[in-house]
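The values are calculated or read from the model by the stated rules, or taken from the named source; none is laboratory data. Please read all numbers here as calculations on a predicted model, not as lab measurements. With ideal geometry, Cβ positions are generated from the backbone for all residues, glycine too; neighbour counts draw on all protein chains shown. Just so you know, the surface numbers come from the protein's heavy atoms only, side chains and all, with ligands and any DNA or RNA stripped out. Shrake-Rupley method; radii C 1.70, N 1.55, O 1.52, S 1.80 Å.
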Amino acid sequence: MKGGGEKMPNKITEEMTLIEILNFPGAREVLEKHSLPCLHCPMAAFELGTLRIGEVAKMYGIDLKSLLDDLNKAV
């Protein structure tokens, strides 16, 4: 996830960017299950490093608590 030997966080939070979350094994499948449109949007590909999961969930009416619960169970 980060260079310099830094460890990955052990919990996904609403402040994390999509690119950070996608570095976790199994995260993409959970995001797809919750119908996160950014994964298939060509324009979002340029913004994955700045889009925070909390903001994206709010924009698309995705239940953030449920999404974070599923992500943290999967990873």
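A few comments on the model shown:
- Helices (runs of 4 or more DSSP H) fully within the chain counting 1 or more residues that are over 11 Å from the mean Cα position of the chain (by Cα), surrounded by fewer than 14 Cβ atoms within 10 Å (Cβ to Cβ) and modelled with pLDDT of 85 or more: 27-33, 53-60, 64-74
- Close pairs (9 angstrom Cβ cut-off, 6 or more residues apart or separate chains): touching a residue at least 60 places away in the same chain (Cβ under 8 Å) and within 15 Å of I21 (Cα to Cα) in segment 50-75, open to solvent by less than 40 Å² (accessible area, probe 1.4 Å) and outside any helix (DSSP H, G or I) anywhere: N72/I12; V75/I12; V75/F24; V75/G26
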